[in-house]
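S.K.: Please find one structure pasted underneath; my questions will follow.
The values are calculated or read from the model by the stated rules, or taken from the named source; none is laboratory data. This is a predicted model, so every value here is computed, not measured. Glycine gets a Cβ as well: all are built from the backbone with ideal geometry, and neighbour counts include every protein chain shown.
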Amino acid sequence: MLPSIPVLAEYGISPTHGFLPDTLPLTRLPDPYYNKWEAIAANLQALILSRRLRGVIDRLPVLSTIGLEHDAEWRRAYSLLGFMAHGYIWGGDSPSDRLPASISVPFLEISEHLEVPPVATYAAVCLWNFKPLFVDEDIDNLENLATLNTYTGALDESWFYLVSVAIEARGAPIIPLMLTAIAAARHDDTAAVTRCLRTFAERLTDLTNILQRMHESCDPTIFYHRIRPFLAGSKNMAEAGLPNGVIYEDGSGDETYRQYSGGSNAQSSLIQFFDVILGIEHRPTGASRDPSSDSDRGRTSNRHNFIMEMRRYMPGPHARFLNDVSSVANIRQYVEEHPSDKQLCLAYDACLAMLSAFRDKHINIVTRYIINPSKQVRARSRSRSPEVTRNKVNLAIASRKNKDNQKGTGGTALIPFLKQARDETGEPAVEEWTRRFMKRKMHTEGKNDFFLGKTLPQDVSLTEDVEIKGLAGSWTMDDEIGGICLY
């Protein structure tokens with residue numbers, strides 16, 4: 001007997017808003033008992049700039065979570081404490097490796113309740129951190145969105161979060177649509193599966209269009225130097241001043257260091273849903289495709305990798321939903337069983353092509369917002385004295401002097417990882433032309449000669465021996481270093 005198709009309501013997933021909450025995030029906790037949390041969050045930017053945030057939080061009493069009732073209140077509290085925690089850790093002249101009990105005790109309790117780690121995850125800064133400007137308008141419109149909390153107060157930071165919110169909202173209808181496609185495939189309704197895949201491909205194009213709007217109101221320099229450091233976690237942060245991680249004080253005296261990845265779009269359940277539903281399998285960076293996979297595609301690989309690691313940072317019900325969908329996903333198998341149905345194969349390949357294009361655009365953005373600024377910082381550091389350079393090492397960049405030491409750090413090769421994820425997206429393609437089309441090399445940067453779609457010359461390399469710190473962990477641009485399975 002086939003397993004039942006997941007019911008969205010059982011996982012707290014909305015048929016209209018997807019992984020965004022069906023009830024809009026609270027702009028404030030209703031119980032006055034939590035006014036101190038709200039006051040700190042409302043003045044977070046000023047407290048960080050004045051270097052007074054730590055003192056205020058140190059004097060904050062440990063508040064109980066007993067006053068939190070509905071899910072929306074728990075989510076609001078989690079987001080508030082996530083911002084305060086990262087502001088406390090990264091908001092000083094040097095990072096703090098201790099989080100006081102006033103934050104850590106309720107944060108740990110709330111995290112356990114919501115089944116998410118006690119860190120500023122993608123859920124904390126994006127999924128549960130927005131409001132519509134006009135409640136009668138759609139939330140997939142960037143012009144109708146605003147953030148509830150930020151570290152800097154800059155429009156650039158809000159825009160960075162809201163692009164993801166709009167993508168989540170615009171992509172939400174794909175979830176029930178493709179569950180319908182699974183049911184249609186079970187009933188051998190080829191026409192229905194084809195219609196669902198066509199709609200899926202069209203909606204993926206919308207998501208790419210939203211993603212490429214990132215540059216409109218988010219400046220790469222501001223993002224790299226002012227925003228990105230606050231998004232960092234406590235894992236692989238030795239070069240940034242947290243060699244062991246962070247101690248979450250609870251008054252027991254038995255606390256140990258904890259290490260968590262920071263917020264990352266890899267924690268988006270929506271993007272992972274696309275891979276699961278289309279039967280796209282991701283391997284450790286640098287690992288070649290298993291020749292036996294053609295006869296073994298129905299099995300989900302158990303090999304640990306970065307993408308699976310990021311499921312630990314999703315709300316528990318969302319991660320369980322992905323696992324359960326994996327057990328019923330049948331679209332790829334169904335298409336492969338109907339190779340003579342050209343309309344079906346074309347619709348499936350169109351989904352792969354559009355998802356690959358989305359990942360191409362993501363590589364472009366990562367290059368502009370992370371890779372290029374890191375190179376500029378590195379170039380400037382070479383022109384300074386060694387003492388000044390040492391004093392300036394922080395989250396913006398952490399270069400390792402010994403290349404061999406980079407192996408086994410637990411980091412993920414950023415550009416190789418993204419490229420491989422993009423290439424793996426096209427592997428299930430049915431038509432040979434589609435596979436060739438999606439394997440083409442594209443520019444991700446240029447000097448006054450950048451044209452989307454221009455073939456990358458053979459002698460041009462986008463990789464360099466430089467390690468990037470922040471967000472979900474350590475990222476290196478050396479193709480030979482690390483992999484998504486190295487933890």
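S.K.: Restricting to segment 211-261, give me the number of residues that are modelled with pLDDT under 95, out of contact with any helix residue (DSSP H, G or I) (no Cβ under 8 Å at 6 or more places or on another chain) and among the basic types (Lys, Arg).
M.R.: Number satisfying all stated conditions: 1.
S.K.: Here's a follow-up. Report yes if some residue within segment 34-43 is assigned to a loop (DSSP other than H, G, I, E, B) and under 30 Å from Pro173 (Cβ atoms); otherwise report no.
M.R.: No; the residues of segment 34-43 include none that is assigned to a loop (DSSP other than H, G, I, E, B) and under 30 Å from Pro173 (Cβ atoms).
S.K.: Something else now. Could you pull out the residue among Arg195, Arg186, Arg170 that is over 30 Å from Gly245 (Cα atoms) and under 21 Å from the mean Cα position of the chain (by Cα)?
M.R.: Checking each option against the conditions leaves just Arg170.
S.K.: Would you say Asp93 is in contact with a helix residue (DSSP H, G or I) (Cβ under 9 Å, 6 or more places away or on another chain), charged (D, E, K, R) and surrounded by fewer than 19 Cβ atoms within 10 Å (Cβ to Cβ)?
M.R.: Spelling it out, it is not the case that Asp93 is in contact with a helix residue (DSSP H, G or I) (Cβ under 9 Å, 6 or more places away or on another chain), charged (D, E, K, R) and surrounded by fewer than 19 Cβ atoms within 10 Å (Cβ to Cβ).
S.K.: From the list Leu108, Leu80, which one is out of contact with any Gly (no Cβ under 9 Å at 6 or more places or on another chain), under 29 Å from Ser50 (Cα atoms) and surrounded by 22 or more Cβ atoms within 10 Å (Cβ to Cβ)?
M.R.: From the options Leu108, Leu80, the qualifying one is Leu80.
S.K.: In this structure, is Ser96 over 25 Å from Gly316 (Cα atoms), modelled with pLDDT of 95 or more and in a loop (DSSP other than H, G, I, E, B)?
M.R.: Values: over 25 Å from Gly316 (Cα atoms): yes; modelled with pLDDT of 95 or more: yes; in a loop (DSSP other than H, G, I, E, B): yes.
When the stated conditions are applied, Ser96 passes them.
S.K.: Might you check whether a residue that is in contact with a Leu (Cβ under 9 Å, 6 or more places away or on another chain), among the charged types (D, E, K, R) and part of a helix (DSSP H, G or I) occurs anywhere in segment 74-82?
M.R.: yes
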